[in-house]
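Asker: This is the structure, below, for whatever I ask next.
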Amino acid sequence: MKTIGRKVIALLISVILIYGSLTAGYGAEKECSYVYNDVMSKILTEVCSMFYVEEDMISAPKNITAKTDSHNQLIISWDVKKGASSYVVYKAENKNGEFVKIGDTKKARFIDKNVANGKRYCYKVRALGGKLGIAGSKVSKIATGYTKLPAVSKLSSGFDASTKKVKLTWTSVEGASKYYVYKKTWSGSLSRIGTTSKTNFSTPITWNGTYIYVVAPVGNAGGKEMIGLLSKETKIKVSGIPEISSNRKKIALTFDDGPGPYTKAIVDCLNANNSKATFFVLGSRVSSYSGVLSYTYSSGHEIANHSYSHPMLTGLNGDGIKAQMNNTDAAVKKITGATPKLMRPPGGAINDKVRNNVGKPMINWSIDTLDWKTRSKTATINAVMNNVREGDIILMHDIHRPTMEAVLELVPILRSEGYDLVTVSELAKTKGYTLSKGCLYTSLR
Ligand code: NI
């Protein structure tokens, strides 16, 4: 039957084409030519639908899905259908409802922008194509998509000093059975801190700092939990908590190779956050930055010795090592009036000669931020925040701009995560260490 269909069609087309070329050969008028073409295409379509559609019918598009995008629009997609030149998309409010054509597309995907938040929609697709571009496929299976509930509005936060809790409030969202509350972490990701069916939530605060929260309504669509759109952020600075030092985790930030052009900004940030750090300075740089060094020292930070000109001390003899130490001590004392108590060997390099000649406790580190290498604010912050724990000694360099930029963000983050930033000497003291000459320390837990 189908073979006969093909032959009949081929014959008909041949006849029509021959007729067409003959009439064209007789020099038909232009308008007549249009009419002729129109009539011919109608005949063709008609004939094809009689004989050919059945044969050319392609199977239904497969694997249709409907998912929300970041704008809460529904993206309907399906597998590319071989032989299809375009697709028609149909939509209904429910599976048994009337499916209405909402558009056509040449791609195997369609974005439905005409959707409301927190709703369910059903979609079907038909492919068009076939050898003559007019055949249609069977209609696909139904894909059901859900848009998210709208975000809560008027999210606000307040701190209650008597209970030491932040209270969040917001307006309710129709269709929400509960709300998820998220706290923004140091990395910018969201951490879920609670669930409530009310339109308020209280969360205890342990440390002074700046906190950011968002809320999302949770709906129930077809038995499936659907998290709605995230609210705008609410930000609150908490400062009413007495800072009981013994409760907090202590670490030491250390800065090498300065002083430099970024030292002052780092010191200002530390001062503003009630924090201290240790600066391992180079004697050769001290006189050029005497004002900064003086400011650093008088702000209560520790000035320590990182040699005079940054040679590997392991390559020097005893006198050479002593000269590197003494010259820096003298340069610092001239400005601050105090002799550095601690030292850090350039490159962290140590041997017995160094041990025997530095005349001070040697302080290396437990976290190397590699700030000098990455020159990246984000990498420097991550190197600290992904690894930090109590008693750490953290290595950075105050001669690089990205390091300074990292410090401006890092210090407030560390403070709100419960860390006290102290000098190396203070860290040793609170941990009960007596630091000895020629001994190496990498952390003080
Ligand atoms: Ni160095």
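Asker: Using a 10 angstrom cutoff on alpha carbons, build the Gaussian network for the chain and name the most mobile of ASN96, ASN247, ASN63.
Answerer: In the Gaussian network model the winner is ASN96.
Asker: While we're here: If amide H atoms are built 1.01 Å from N in the plane of the peptide, which residues on other chains or at least 5 residues away come under 5 Å of the amide H of TYR441?
Answerer: Under 5 Å from the amide H of TYR441 lie the amide H atoms of MET362, ILE363, ASN364, each far enough along the sequence or on another chain.
Asker: I need the calculated FRET efficiency for the pair GLU243 and ILE75, taking r as the beta carbon distance and R₀ as 35 Å, to the nearest 0.05.
Answerer: 0.10
Asker: Follow-up question, since we're still on this one. Give the separation of the Cα centroids, the range 230-272 to the range 326-342, in Å.
Answerer: 27 Å
Asker: Here's something else I'd like to know. Neighbour counts of other C-beta atoms within 10 Å: give me MET343, MET312 arranged from fewest to most.
Answerer: By the 10 Å Cβ count, ascending: MET312, MET343.
Asker: Read phi for every residue in the range 226-239 and hand back ³J(HN,Hα) as whole Hz from Karplus 6.51 cos²θ - 1.76 cosθ + 1.60, θ = phi - 60°, with x for Gly and Pro.
Answerer: Computed from phi, the couplings for the range 226-239 are 10, 7, x, 6, 6, 6, 5, 6, 10, 10, 9, 9, 9, 9 Hz.
Asker: Another question about this same structure. Stretched out fully, how many nm does the piece from ARG401 to ARG389 gain, at 0.36 nm a residue minus the Cα gap?
Answerer: Here the segment from ARG401 to ARG389 would lengthen by 1.8 nm.
Asker: Would you mind calculating the relative contact order of the range 298-445 from Cα pairs under 8 angstrom and at least 6 residues apart, reporting the percent as a whole number?
Answerer: Computed over the range 298-445, the figure is 25 percent.
Asker: Which residues in the range 306-325 place their backbone N less than 20 Å from a point set 7 Å from the Cα of ASN356 along the Cα-to-Cβ direction?
Answerer: Residues passing the 20 Å test: 312-325.
Asker: Enter the angle in degrees (range 0 to 90, nearest 10) between the Cα long axis of helix 263-272 and the first principal axis of the Cα atoms of the chain, meaning the one along which they spread out most.
Answerer: 90 degrees
Asker: From zero up to wherever the largest Cα-Cα distance of the chain sits, split into 20 Å bins and tell me the percent of pairs in each.
Answerer: Per 20 Å bin, starting at 0, the Cα pair percentages come out as 19, 29, 21, 18, 11, 2.
Asker: Next up: Quote the Stokes-Einstein diffusion coefficient, in whole µm² s⁻¹, for the range 285-412, based on the Kirkwood radius over alpha carbon pairs, a temperature of 37 °C and a viscosity of 0.692 mPa s.
Answerer: Value of D from the Cα-based Kirkwood radius: 207 µm²/s.
Asker: So, one more: Taking R0 as 30 Å, what's the FRET efficiency between LYS322 and ARG375 from their Cβ-Cβ distance, rounded to 0.05?
Answerer: Between LYS322 and ARG375 the formula returns 0.30.
Asker: Does the range 97-193 classify as rounded, prolate or oblate by the C-alpha gyration tensor (a ≥ b ≥ c root eigenvalues; a/c under 1.5 gives rounded; else a/b over b/c gives prolate, otherwise oblate)?
Answerer: prolate
Asker: Work out how much length LYS107 to LYS154 would gain on full extension: take 0.36 nm times their residue separation and subtract the Cα-Cα distance, in nm to one decimal.
Answerer: 12.9 nm
Asker: Oh, and also: Angle between the Cα long axis of helix 401-416 and the longest principal axis of the chain, 0 to 90 degrees, nearest 10?
Answerer: So the helix axis and the longest Cα principal axis differ by about 90 degrees.
Asker: Treat every Asp and Glu Cβ in the range 192-283 as -1 and every Lys and Arg Cβ as +1, leave all other atoms uncharged, and give the resulting dipole magnitude about the Cα centre to the nearest 20 debye.
Answerer: That gives a dipole near 320 debye.
Asker: Follow-up. Per the Kirkwood definition applied to all pairs of different Cα atoms, how many angstroms is the hydrodynamic radius of the range 183-291?
Answerer: Every distinct Cα pair counted, the radius reaches 18.3 Å.
Asker: Shifting gears a bit: Label-point separation (nm) for SER85 and SER59, each offset 7 Å from Cα along Cα-to-Cβ?
Answerer: That separation, rounded to one decimal, is 2.4 nm.
Asker: Sticking with this one: With +1 on the Cβ of every Lys and Arg and -1 on the Cβ of every Asp and Glu, and nothing else charged, how large is the dipole of the chain about its Cα centre, in debye rounded to the nearest 20?
Answerer: Its charge dipole is roughly 900 debye.
Asker: Treat the count of other C-beta atoms within 10 Å as a stand-in for reagent exposure and order CYS439, CYS122 from fewest to most.
Answerer: Going from least to most buried by this count: CYS439, CYS122.
Asker: Calculate for the chain the 222 nm mean residue ellipticity that helices alone would give, adding -39,500 (n - 2.57) per DSSP H run of length 4 or more and normalising by residue count, nearest 500 deg cm²/dmol.
Answerer: Estimated from H runs of four or more residues: -9000 deg cm²/dmol.
Asker: OK, next. Report the one residue of GLY175, ASN356, SER436 whose Cα lies farthest in the direction of the positive end of the charge dipole of the chain (charges on C-beta: Lys and Arg +1, Asp and Glu -1; origin at the Cα centre).
Answerer: GLY175
Asker: Let me ask something else about it. Given an 8 Å cut-off on Cα distances and at least 6 residues of separation, report the relative contact order of the range 347-432 as a percent.
Answerer: So the answer I get is 26 percent.
Asker: Could you give the angle, 0 to 90 degrees to the nearest 10, between helix 30-51's Cα long axis and the longest principal axis of the Cα atoms of the chain?
Answerer: 90 degrees
Asker: I would also like to ask the following. Rounded to the nearest 5, what is the percent of antiparallel bridges among the DSSP beta bridges in the chain?
Answerer: Rounded to the nearest five, the antiparallel share is 70 percent.
Asker: For the chain, what does the relative contact order come out to in percent, with C-alpha contacts under 8 Å and a separation of six or more?
Answerer: 11 percent
Computed from the coordinates by the stated procedures, all read-outs in this text should not be read as laboratory data. Small disclaimer: the values here were computed from a predicted structure and weren't measured. A quick note on method: Cβ atoms are made from the backbone with ideal geometry, for glycine too, and the neighbour counts reach across all protein chains shown.
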